[in-house]
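Please read the structure below before turning to the comments.
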Amino acid sequence: AGVIIASDGCYNTGLNPDYLSYDFPVYSIALGDTAVYKDIRIDNVIKNDIVFSGNIFPLEISIASSINKNENSKLKIWNNGMKVYEESIVFLRDIDYDTYTVYLTANEIGLQNYTIEIEPLDKEKNSINNTFETYIDVIDSKYNILILKDQNSPDVSAYKSAIEKNQNYQV
């Protein structure tokens, strides 16, 4: 006969209900809380899946905030349970989205678990979204490169010096 949907209008998974066709009438009742709650969250982390041992690699951390006044917190990064980074962050009332780039060194070989967390603000209701876990595979391998030339040439030493600047290559 029909369906009554009582919802706040937000959907978390699946297709957008606005663009689906139904063979029956759909009646909606708008529900929801219009109060804005204090919240900071890690929205996204962009990183390399594989890095070489000893190299420095970036983590690009996007943080969203919903606050009424400027507040302070700390960004912490843990590698397999050990703290490898900490930075104080000031959340500004006028800026609700910001990206921080952190550079870390790949010291341990193998699959590394990085936990990124932001300390919750005072009276923050939802702190589950203040933590983000990611994995990076740290490999230890050098590529051997052979340069063959029948005569000496200044080009060969230019190639060799350019290649040897990368610590992952051995000529």
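The values are calculated or read from the model by the stated rules, or taken from the named source; none is laboratory data. Since the structure is predicted, the reported quantities are computational estimates derived from the model, not experimental observations. Cβ atoms come from the backbone with ideal geometry, glycine included; neighbour counts cover every protein chain shown. We work out accessible area using only protein heavy atoms, side chains counted, and drop any ligands, DNA or RNA first. Shrake-Rupley method; radii C 1.70, N 1.55, O 1.52, S 1.80 Å.
Whole-Hz Karplus ³J(HN,Hα) for the stretch 106-113, in order, using 6.51 cos²θ - 1.76 cosθ + 1.60 and θ = phi - 60°, x for Gly and Pro?
So the Karplus estimates, Gly and Pro as x, are 7, 9, 9, 8, x, 6, 10, 9 Hz.
Would you mind telling me which residue in ASN144, ASN68, ASN152 has the biggest mean-square fluctuation in a Gaussian network model of the chain, where springs connect alpha carbons within a distance under 10 angstrom?
So, out of ASN144, ASN68, ASN152, the one fluctuating most is ASN152.
Which chymotrypsin sites (Phe, Trp or Tyr not before Pro) in the stretch 37-107 sit in a loop by DSSP (not H, G, I, E or B) and have at most 16 other Cβ atoms within 10 Å of their own Cβ?
Here the chymotrypsin sites (Phe, Trp or Tyr not before Pro) that fit, given the DSSP loop and packing criteria, are TYR37.
Please name which of TYR114, GLY14, ILE40 has its Cα lying farthest along the dipole of the chain towards the positive end, using unit charges on Cβ (Lys, Arg +1; Asp, Glu -1) and the Cα centre as origin.
Value computed over the given set: TYR114.
If you count only protein heavy atoms with a 1.4 Å probe, what accessible area per residue comes out for the stretch 1-132, rounded to a whole Å²?
I get 69 Å² per residue for this part.
Calculated FRET efficiency, ASN80 and ASP8, Cβ-Cβ r, R0 41 Å, to nearest 0.05?
E between ASN80 and ASP8, to the nearest 0.05, is 0.55.
Fully extended, how many nm does the chain gain between ASP137 and ASN16 (0.36 nm per residue separation, minus their Cα-Cα distance)?
40.0 nm
If R0 is 41 Å, what FRET efficiency do you get for SER157 and VAL45 from their C-beta distance, rounded to 0.05?
0.45
What does the charge dipole of the chain about its Cα centre add up to, to the nearest 20 debye, if the Cβ of each Lys and Arg holds +1 and the Cβ of each Asp and Glu holds -1?
Dipole size: approximately 420 debye.
Step through the residues of the stretch 57-72 one at a time and calculate ³J(HN,Hα) from phi using the Karplus curve (6.51 cos²θ - 1.76 cosθ + 1.60, θ = phi - 60°), rounding each to whole Hz and writing x for Gly and Pro.
Per residue, the Karplus-derived 3J(HN,Hα) values read 10, x, 10, 9, 10, 9, 10, 10, 9, 9, 9, 9, 9, 4, 9, 10 Hz.
Pop out the carbon and sulfur fraction of the accessible area of the stretch 1-153 as a percent, whole number, probe 1.4 Å.
Its accessible area is 49 percent carbon and sulfur atoms.
Amide H of SER53: which non-local residues (sequence gap of 5 or more, or other chain) have their own amide H closer than 5 Å, using H built in the peptide plane?
Hits under the 5 Å cutoff: ILE139, ASP140, SER141.
Which angle between 0 and 90 degrees, to the nearest 10, do you get for helix 154-164 versus the longest principal axis of the chain when only C-alpha atoms count?
Once rounded, one gets 40 degrees.
Can you give the Rg and Dmax of the chain based on its C-alpha atoms, in angstrom?
Every Cα atom of the chain included, Rg and Dmax give 25.2, 87 Å.
Build a GNM of the chain with springs between Cα atoms under 10 Å: which of ALA158, ALA30, ALA106 gets the top mean-square fluctuation?
Per the Cα network of the chain with a 10 Å cutoff, ALA30 tops the list.
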